[in-house]
Each structure stands twice: as structure tokens, then as C-alpha cells.
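The values are calculated or read from the model by the stated rules, or taken from the named source; none is laboratory data. On a predicted model such as this, the values are computed, not experimentally measured, just so you know. Here the Cβ positions follow ideal geometry from the backbone for every residue, glycine too, while neighbour counts run over all protein chains shown. When the accessible area is computed, the model is the full protein with side chains, heavy atoms only, and any ligands, DNA or RNA have been set aside. Shrake-Rupley method; radii C 1.70, N 1.55, O 1.52, S 1.80 Å.
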Amino acid sequence: MKLSDVQKRLQSPFPAHMVAWKAVAISKDRSRALLLAHIDARAVQDRLDAICPDHWEFSVEVIPGTPVPTVKGRLTVLGVSREDIGQAPDGDLSTLKAAASDALKRCAVHFGIGRYLYDLPRIWGDWDDTKRQPTHTPELPDWARPDHERTPGGAHLMQAMDQLRYELPEDLDLQREVYRHLKAALGSLHPDPQQPPLGQPKGGHTGRAA
């Protein structure tokens, strides 16, 4: 396997629920914020584990004498290495761990992971200053979503499926029941053209039998 073989998979958009929004500027009354889309370091790790689990590694080197914790990260994927600097934000999150996470994300961009997020515009939105998050999550455009989310309802279905990875029941009969529901949901998103609409018998007859 070569890096060129998996480049498109590395660069593909993340599910919408994995994209977070942070404030890069806040209004004086702290009710509005200029929002920037981003992903966390765990999403990067999950993407690498899904595509080349045994062929990537990440290391950091602490840079001394900086105002905030700063590291130089080095990410190697399928034998190709990229380096970048990571810094921790001010305040309670100003730690070396935060700097390392920042470095991983910045290195990952060199491989195309999450790079499309830089093409999203910064937008002003209502801001909950207590929770430190937008009041309403901005909608992503179609081009910034994976293919399966470009069908109406797909984003909600994929979020539910992702959650099931951690909450799938141990009972086999319950697993089969979950599978049946998911199969039905997927069928509603991509209906079989050979099947009649719900409630209509095969053959196209819509009235009652005589």
C-alpha cells in the first residue's frame, strides 16, 4: 500500500456531527461569535486507524522558552513524514497535551485530512457564552459532507449508526432487531426502484380488490 492509494480516503469529508465550531472572535455583549469549523485530534486518529492502522505514527518534540506550551509534531503515514508546530490555547487548556493535539491536526492537514475545512467561510452566529459553544450548529454545505450525507436524512442516520458502535446490545436477538431497523432506514434513503411505494401492492394497483 502506498500513500497515493489512500489519498482520496484520507481527504474525504468527515460526518457532519464530527465537525465542531469554535469562536475566533466574540462580540462585546458576548452574544455573537465568529465561528470556525474544526475537528478534534481523536477524529484524525480514527481516520488513520480506519485506513492504515498499522502504518502511521506520531511523535512530538517540546519547544522550550515559548509563551504558551508549544511542540513540533511529526506524523508519518505509510513511510511519508510531515512536520508542523502545535500550540496550546490560552487559559485552562494551555497544556502540552493540547499543544500535541494541535500539532497532530496540523500535520494531518499536510496529508489532506480535514483540509477542506479551511475552505469553509467563517460565519457569525449566536453564541452561548456559558457553554462556550454556538447556540445553533451551523449547517455544512453539501460539498463538505460525505456522500452518504448528501441524501436527505442521511446525516441523522449516520450519527445514529456511529453511536451504535459504542452501544450495540450484547443480546444477539436485539442485535438482529437493530439490524432490521437500520436496513429499513437505509432502504428509505435509497429505495429499490423495483419495489412499489409504501402501501402500494406490486403491479401498480392502488385501489381495493373487487
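Among the criteria (1) in contact (Cβ under 8 Å) with a residue 24 or more places away in the chain; (2) surrounded by 18 or more Cβ atoms within 10 Å (Cβ to Cβ); (3) under 23 Å from Val24 (Cα atoms), the one Ser94 does not fulfil is (2). For the stretch 1-31, what are the residues that are basic (Lys, Arg), more than 25 Å from Asp147 (Cβ to Cβ) and without any contact (Cβ under 8 Å) to a residue 40 or more places away in the chain? Correct list: Lys22, Lys28. Among the numbered conditions (1) modelled with pLDDT of 95 or more; (2) touching a helix residue (DSSP H, G or I) at 6+ places or on another chain (Cβ under 7 Å), the only one that Asp49 does not meet is (2). Taken over the stretch 32-86, the criterion of being open to solvent by less than 50 Å² (accessible area, probe 1.4 Å), touching a residue at least 60 places away in the same chain (Cβ under 8 Å) and closer than 30 Å to Gly125 by Cβ is satisfied by Ala33, Leu34, Leu35, Leu36, Ala37, His38, Ile39, Ala41, Ala43, Val44, Arg47.
Conditions tested, residue by residue: (1) aromatic (Phe, Trp, Tyr); (2) assigned to a loop (DSSP other than H, G, I, E, B); (3) under 19 Å from Ile51 (Cα atoms).
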| residue | (1), (2), (3) |
| --- | --- |
| Arg74 | no, no, yes |
| Pro89 | no, yes, no |
| Ala100 | no, no, no |
| Ala103 | no, no, no |
